[in-house]
Structure formats: structure tokens, C-alpha cells
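**Student:** Mind having a look at this structure? Questions to follow.
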Amino acid sequence: MTTVLVVAGGLLFVASLLLLVRLTIGPTILDRSVALDVLVAVTVSAVGLYTAHTGVTYGLAVVVVLAGCGFVGAVSVARYTGRSNDHRRGDREGAP
């Protein structure tokens, strides 16, 4: 069981590092939004892994709150980019 926890924790750590790289070099706001959304999913997975390992029950409430915040954040960014031209930046530079 400990080997599985260490491997899963290591994979979550590597995934979070790769997501942070994508978050910093993402050319558009949509790339950064997807990276943040997946980072929230990785955090939810890490809290779930901790909850499964230790057996504490407050971790489930944290998972629900994080998932709700991730959903609201993703929807907010999607509504914002629907009105802006930043998501079309790669098509033509300087296009209105």
C-alpha cells in the first residue's frame, strides 16, 4: 500500500510541475485556464489520496469545495473569453 501511495504522490507532483510550466508559458488565456483547471483536479486528487491514506473525514469537504471552485473558475474564464479577442490571438496578430 505504501508503494502505491508513493508512486501516486510522485505522479501527482510531476503532473503539477508540468502544469505550472504550461501555466507560465501558455500563449493564450484559454491555455492558462485549462492548466489551472487541471491543477485544481490534481489538487483534488492529492487531497483524495491523503484522505484515503489517513482516513480523516474533513478531506471530503475540502474535495467538494475545491471541485466547486474549479468549476466556477472555469465557467467564469469561459464567459470572459467569449467576449474578448484574446483566444483568437494565434490566428492573426493585431486583428481586432
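The values are calculated or read from the model by the stated rules, or taken from the named source; none is laboratory data. This one's a predicted model, so the numbers in the text were calculated from it and none came from an experiment. So basically every Cβ, Gly included, is an ideal-geometry build from the backbone, and we count neighbours across all protein chains shown. Ligands, DNA and RNA are excluded from the accessible area calculation, which covers all protein heavy atoms including side chains. Shrake-Rupley method; radii C 1.70, N 1.55, O 1.52, S 1.80 Å.
**Student:** Hey, rough spin-label estimate for VAL4 and ALA41, points 7 angstrom out along Cα→Cβ, what's it come to in nanometres?
**Tutor:** Between VAL4 and ALA41, the simple spin-label model gives 2.2 nm.
**Student:** While we're looking at this one, here's another question. How many Å³ per residue does the convex hull of the Cα positions in the stretch 14-53 occupy?
**Tutor:** Values: hull volume 1.7 nm³, N = 40.
Looking at the stretch 14-53, the number lands at 42 Å³ per residue.
**Student:** Okay, next question. Which of [x] 55, 24, 12; [y] 50, 28, 23; [z] 61, 31, 15 is the computed Cα extents along the principal axes in Å for the structure on display?
**Tutor:** It is the value labelled [x].
**Student:** To continue, here is another question. Using a simple spin-label model with points 7 Å from Cα along the Cα→Cβ vector, what separation in nm is obtained for LEU23 and VAL62?
**Tutor:** Each label point is offset 7 Å from its Cα along the Cβ direction, giving 1.7 nm.
**Student:** Just to confirm, what accessible area per residue do you get for the stretch 24-81 at 1.4 Å probe, in whole Å²? List each step's numbers first, then the result.
**Tutor:** Values: 3570 Å² over 58 residues.
The answer is 62 Å² per residue.
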